[in-house]
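**Q** One structure, pasted below without further comment.
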């Protein structure tokens, strides 16, 4: 649980967990669908070719290429099942309907670390889309959870292992 203190209120935030709801932006859903299609078509064929080649080497009991190909096949098939389930249970967030008044999943937000005076440009996304190195923060991460529901001018306090940090919300897009 994350405690977020805004300029006006303090709120307790329960992050949305994937077992409760799988949230994803339209772009994130498209990326999942593209990955699934790639796995189903070209990647399956590649693995089948590797298996066929490894089998042609003979004695499978000491054939490391065969073992590697079987392991890759298991990974690909497992990922296909996982993606199918994710896509089937996805709740797509329509960013076009956002008010731009409060932070929601799919919102681009500019924040400032109050202490360091450093600005960050972020986008709040579902957990499977998160990539902190490109500024895509999960709604389940402490910072993402604290920002959800906040407005421009609010200051949220995020408590993490490294301590507490205050962030001011500067702009929403």
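None of the figures in this text is laboratory data; all of them are computed from the coordinates on show. Bear in mind the structure is a predicted one, so any value in this text is a computation, not a measurement. Glycine also receives a Cβ, built like all others from the backbone with ideal geometry; neighbour counts cover every protein chain displayed.
**Q** Quick one: which residue in 158, 102 is touching a residue at least 40 places away in the same chain (Cβ under 8 Å) and either touching a helix residue (DSSP H, G or I) at 6+ places or on another chain (Cβ under 7 Å) or not in a loop (DSSP other than H, G, I, E, B) (or both)?
**A** Being touching a residue at least 40 places away in the same chain (Cβ under 8 Å) and either touching a helix residue (DSSP H, G or I) at 6+ places or on another chain (Cβ under 7 Å) or not in a loop (DSSP other than H, G, I, E, B) (or both) holds for just one of 158, 102, which is 158.
**Q** Would you confirm whether or not region 111-118 contains a residue that is within 24 Å of residue 157 (Cβ to Cβ) and surrounded by 15 or more Cβ atoms within 10 Å (Cβ to Cβ)? Write out each step before concluding.
**A** Looking only at region 111-118, we keep the residues that are within 24 Å of residue 157 (Cβ to Cβ), and these are 111-118.
Narrowing the set further to residues that are surrounded by 15 or more Cβ atoms within 10 Å (Cβ to Cβ) leaves 111-112.
Yes: region 111-118 contains one or more residues that are within 24 Å of residue 157 (Cβ to Cβ) and surrounded by 15 or more Cβ atoms within 10 Å (Cβ to Cβ).
**Q** Any idea which residue in region 128-139 is farthest from residue 24 (Cα to Cα), counting only those that are touching a residue at least 60 places away in the same chain (Cβ under 8 Å) and buried (at least 19 other Cβ atoms within 10 Å of the Cβ)?
**A** Step by step, filter region 128-139, then rank; the result is 139.
**Q** In region 43-90, what residues are touching a residue at least 40 places away in the same chain (Cβ under 8 Å) and surrounded by 13 or more Cβ atoms within 10 Å (Cβ to Cβ)? Reasoning before the result, please.
**A** Narrowing region 43-90 to residues touching a residue at least 40 places away in the same chain (Cβ under 8 Å): 79-80, 83-84, 86-87, 89-90.
The answer is 79, 80, 83, 84, 86, 87, 90.
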